[in-house]
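Colleague: Just passing along the structure, written as structure tokens.
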Amino acid sequence: MNKTEQLTEELVYNKFNTEEALKKYISIARTKLWESEEILIEKYFKLGGRILDIGCGCGRVTFPLAEKGYRAIGIDICNKMIEGARVLAKNASHIPNFFLMDARNMQFDDNSFDGAIFSFNGLSEVYGEDNRSKILKETNRVLRPEGRFILSSPYFLLRYMPLFAASFICSKLMPKEERIGFGDRFYIKNGKECYFHVPKQKNLISLLESSGLDIVYSEKRNNLSKKDKKLDSFDCMFYVCEKK
Ligand SMILES: C[S@@+](CC[C@H](N)C(=O)[O-])C[C@H]1O[C@@H](n2cnc3c(N)ncnc32)[C@H](O)[C@@H]1O
């Protein structure tokens, strides 16, 4: 494992592999699907299909997929998240399969899923473009031809600007190997270093396309659903892709 791969794990564990995150994501899982997700899932995933929920957390999306009649499988790199999903599964009417798995190296056969979803800006939790690219290539590998992938991603909002611009400009003063990429943000939470990335849309589009995923639809969440404007989280962009 190289240094970027190691750092990626550490940054994700600091944020999601903790008792606080377990409580938070169990309660988030109980809120179920956003209306925008519901619209896209029903339109782009064929009912009954085998669907992979990447970075499933405690199953906010995986449980509703199973309830709707999909064969849902959730994977997450953090055992606290999978532990939470398994706790919620005890009282669930439809029980998906959950696996502790790194999306950079999925233990699934080629062409074995009809659809995949990486929700709630999950790809932005992954440090380093190489790692994000690996996940998209793995997603493409496990999808069957014409299989669909739904991705949500943050986009640059004016209110992000001071946070990201300050760290990017400061990093220009650092030695080359310590400079951060555009859209990278490091911050301290509960005494631990955490990370989040807001991509330039054109970079993300070229990353998707170079992974073999054609974008067939994209729209901002708050344009897709008026109800979602009332959610606590910032607006995001949805990309629906199809394996070439
Ligand atoms: C923002 S949370 C979203 C959780 C869930 N999808 C939801 O909507 O509540 C992102 C999730 O991605 C997971 N994750 C990050 N990197 C991953 C990787 N390389 N492989 C699998 N899961 C990963 C994190 O552990 C975290 O649970």
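Colleague: What distance in nm separates the simple spin-label points at Lys192 and Thr31, each placed 7 Å from Cα in the Cβ direction?
Modeller: Once both label points are built, they end up 2.1 nm from each other.
Colleague: Using Cα centres only, tell me the gap between region 180-244 and region 123-159 in whole Å.
Modeller: 8 Å
Colleague: Moving on to the next point. What spacing in nm lies between the two simple spin-label points modelled at Ser112 and Glu20, each 7 Å away from Cα in the Cβ direction?
Modeller: The answer from the label model is 3.7 nm.
Colleague: Given R₀ = 51 Å, FRET efficiency for Asp130-Glu67 by Cβ-Cβ distance, to 0.05? If you can, show how the numbers build up before the last one.
Modeller: Values: r = 36 Å, r/R0 = 0.71.
The computed FRET efficiency comes out at 0.90.
Colleague: Mind checking which lysines have their C-alpha under 18 Å from Lys230, skipping anything on the same chain fewer than 8 residues away?
Modeller: Partners found: Lys32, Lys220.
Colleague: Do any trypsin sites (Lys or Arg not before Pro) in region 1-83 lie in a loop, going by DSSP, with at most 16 other beta-carbon atoms within 10 Å of their beta carbon, and if so which? Please list the in-between numbers first.
Modeller: Details: sites: Lys3, Lys15, Lys23, Lys24, Arg30, Lys32, Lys43, Lys46, Arg50, Arg60, Lys68, Arg71, Lys80; in loops: Arg30, Lys32, Lys46, Arg60, Lys68.
Counting only loop positions with at most 16 other Cβ atoms within 10 Å, the trypsin sites (Lys or Arg not before Pro) in region 1-83 are Arg30, Lys32, Lys46.
Colleague: For Tyr13 and Tyr217, calculate 0.36 nm times their separation in residues minus their Cα-Cα distance, and state this gained length in nm to one decimal.
Modeller: Working: separation 204, 0.36 × 204 = 73.44 nm, distance 3.22 nm.
Length gained, Tyr13 through Tyr217: 70.2 nm.
Colleague: Still on this structure: How are the alpha carbon pair distances in region 1-126 distributed across 10 Å bins from zero to the largest one, expressed in percent?
Modeller: Histogram of Cα-Cα distances, whole percents per bin: 13, 46, 33, 8, 0.
Colleague: Taking the simple approach of a point 7 Å from Cα along Cα-to-Cβ for both Ile39 and Arg86, what is their distance in nm?
Modeller: It works out to 3.8 nm between the two label points.
Colleague: Determine the alpha carbon to alpha carbon distance for each of Lys137/Lys244; Lys137/Lys189; Lys137/Lys243; Lys90/Lys227 and list only those over 20 Å. Could the numbers behind the result be given before it?
Modeller: Values: Lys137/Lys244 12 Å; Lys137/Lys189 31 Å; Lys137/Lys243 10 Å; Lys90/Lys227 30 Å.
Too far apart for the 20 Å limit: Lys137/Lys189; Lys90/Lys227.
Colleague: Against the empirical 2.2 N^0.38 Å scaling, what ratio does the C-alpha Rg of the chain come to? Write down the numbers at each step before the final one.
Modeller: Numbers: Rg = 17.3 Å, N = 244, 2.2 N^0.38 = 17.8 Å.
For the chain, the normalised Cα radius of gyration is 0.97.
Colleague: Which of Gln201, Gly49, Val142 sits farthest toward the positive end of the charge dipole of the chain, with +1 on the Cβ of Lys and Arg and -1 on the Cβ of Asp and Glu?
Modeller: Gln201
Any read-out appearing in this document is the output of simple, stated calculations on the displayed coordinates, not a laboratory observation. Since the model is a prediction, treat every value here as computed from it, not as a measurement. Every residue, glycine as well, gets a Cβ built from its backbone with ideal geometry; the counts of neighbours run over all protein chains shown.
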